[in-house]
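As structure tokens, the structure follows; a few thoughts come after it.
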Amino acid sequence: MSRYAECYVCDDCGAEFDLQSLENLCRLCGGLLEVRYDLDAVADPHALISSGRGMWRWGQLLPLPAEASIVTLGEGDSPLLEMPTLSSEVGVRQLFVKNDSLMPTGSFKDRGYSLAVSFAKHLGLDSAFTYSSGNAGASFAAYCARSGIDATVFVEDVANEAKRALISLHGANVYQLKYQSSKEIFDAVTGLSSAGQYSFVNFINPIRHEAMKVCAYEICESLDWKAPDVVVHPVGTGGGLWGTWKGFCELRVLGLIDKLPRMIGVQPKVCAPLVEAFVSGKSSTTATGDASQTMAQSIAGDDMIQGGKRPLRAIRESNGTAVAVSEDSIARAMTDLGAAAVGVEPSAAVSYAALTEGIRDGWLSADDRAVAVVTGVALKQPSVLVDVTPSIKGLVAARTSEMLKVLNEGVES
Ligand SMILES: *Cc1c(COP(=O)(O)O)cnc(C)c1O
Ligand SMILES: [Zn+2]
């Protein structure tokens, strides 16, 4: 075990469980489990970080036993790009994009599955399931393929053909779910855990989001151990935002940074249960909106697992906020990011979309240093990519003279 990981602790009743076992929800009360660490025992935090590349440089802060084999495809160490043009667009001192879409399966899900699959494999699991709007399924399938675990993925109906095909490409069994509301899915997968099926669904699985801490570690390391003022993250289940927040908090306990960022969670306006709960001061979400009306497939849901309690808590603890963005604003963010050389899917573009409204709405200020985490590549939704971008300029014969004409004169009409 990472020497510092101690046990699972239940959010609700405080019960503790041995980390040498595969646990989902608390066996006593059904609450969410969290991995607890003894960070006071760390003598030199800089000595925790190994050399090399990728997420596993931070293995000492992850709950995988030291003797376990790591299931890796090269995840982590994604670029933190400074975006000078976009920062003046937004009106902040500095803006960075943390490009977490540049992972082995094209989304930020890979850190979580590298860790969770390694962990489960070590404890002897040989078949497993998750449910997904697409990206989680592809990532899960890839890491299961790598480790020889038989994978089954239940996909939501928002998952497009390409995403479904990617899951199959990695050899998983794929089923499309029939349901009316997100809550039916949450109830069903919770039922599967109670029936003894180990689940890889965010939060029900207490290991996946631990790997998202590394996003925060990498950001702070790149900024010479200064936390940004604001971190903006798309929110589906909130596992990414929660894990990243946990990472920042750990760095502060370790003395590597001295202040914490405000966490901003973003959802599409047409289905924004987190935003609605945040704005009305509630500690958990209720069903709202219509998930079929957004192009942001990877974060489309009319409700959240376990009422979104953890992401709501992270946002409030950090003095952050929850922001809903329109479909127009998502499309514009996608093309603006694209023009600035970062090609992402709509669900990833929401972080930048939110930032463009931050000054106007008062949660962002001109001397802020902001990080927009982007989570999935543009090719994940080919039809949206085509819809939001200009069509080609025209046809030209493959002859020097014709091509020269186009280059010199611009478009033929
Ligand atoms: C899964 C996913 C999200 C949402 O992540 P959560 O951890 O469920 O909040 C956001 N963007 C993309 C591209 C995703 O694949
Ligand atoms: Zn409990």
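Every read-out reported here was derived from the displayed coordinates using simple, explicitly stated rules and does not represent laboratory data. Just so it is clear, the model here is predicted, and its values are computed rather than measured. Positions of Cβ are backbone-derived with ideal geometry, glycine not excepted, and every protein chain shown enters the neighbour counts.
For the stretch 91-131, the candidate set comprises residues that are more than 14 Å from ligand 1 (Cβ to nearest atom) and of a type in the set (S, T, N, Q); within that set, the residue that is farthest from Asp229 (Cα to Cα) is Ser127.
When Glu16, Glu23 are checked against the criterion of being under 17 Å from Asn202 (Cα atoms) and either among the acidic types (Asp, Glu) or within 16 Å of ligand 1 (Cβ to nearest atom) (or both), Glu23 stands alone in meeting it.
All of Ser101, Ser114 fail the test of being buried (at least 18 other Cβ atoms within 10 Å of the Cβ) and part of a loop (DSSP other than H, G, I, E, B), apart from Ser101. Scan the stretch 328-372 for residues that are among the charged types (D, E, K, R), in contact with a strand residue (DSSP E or B) (Cβ under 6 Å, 6 or more places away or on another chain) and more than 13 Å from ligand 1 (Cβ to nearest atom) and the total you get is 2. Quick one: is Ser88 surrounded by fewer than 17 Cβ atoms within 10 Å (Cβ to Cβ) and either acidic (Asp, Glu) or in a loop (DSSP other than H, G, I, E, B) (or both)? Judged against the criteria, Ser88 is not a match.
Pairs are defined by a Cβ separation below 6 Å, a sequence spacing of at least 6 or placement on different chains, a first member in the stretch 87-111 that is among the aromatic types (Phe, Trp, Tyr), and a second member that is in a strand (DSSP E or B); the pairs so defined are Phe96/Leu80; Phe96/Glu82; Phe96/Val371.
Sub-7 Å Cβ pairs linking a first residue in the stretch 21-44 that is in contact (Cβ under 8 Å) with a residue 60 or more places away in the chain to a second residue that is hydrophobic (A, V, I, L, M, F, W, C) and within 16 Å of ligand 1 (Cβ to nearest atom), at least 6 apart or interchain, are Asn24/Ile204; Leu25/Leu32; Leu25/Ile204; Leu32/Phe203, ordered by first then second residue.
Flag: Val374 does not match the condition of being out of contact with any Asp or Glu (no Cβ under 7 Å at 6 or more places or on another chain) and closer than 22 Å to Ala138 by Cα.
The condition (being part of a helix (DSSP H, G or I) and in contact (Cβ under 8 Å) with a residue 12 or more places away in the chain) is satisfied by just one residue among Trp245, Trp225: Trp245. When residues in the stretch 327-352 are screened for being of a type in the set (Ser, Thr, Tyr) and within 16 Å of Ile264 (Cα to Cα), 3 of them pass. Output the residues belonging to the stretch 356-389 that are over 30 Å from Gln94 (Cβ atoms) and exposed (fewer than 10 other Cβ atoms within 10 Å of the Cβ). Result: Val386, single match.
Given the structure, is Ser139 closer than 30 Å to Thr356 by Cβ, under 15 Å from the mean Cα position of the chain (by Cα), in a loop (DSSP other than H, G, I, E, B) and away from ligand 2 (no atom under 16 Å from the Cβ)? No; evaluated as a whole, the condition is false for this residue.
Could you check, for the stretch 376-395, whether at least one of its residues is small (Gly, Ala, Ser) and touching a helix residue (DSSP H, G or I) at 6+ places or on another chain (Cβ under 7 Å)? Yes, there is a match, as at least one residue in the stretch 376-395 is small (Gly, Ala, Ser) and touching a helix residue (DSSP H, G or I) at 6+ places or on another chain (Cβ under 7 Å).
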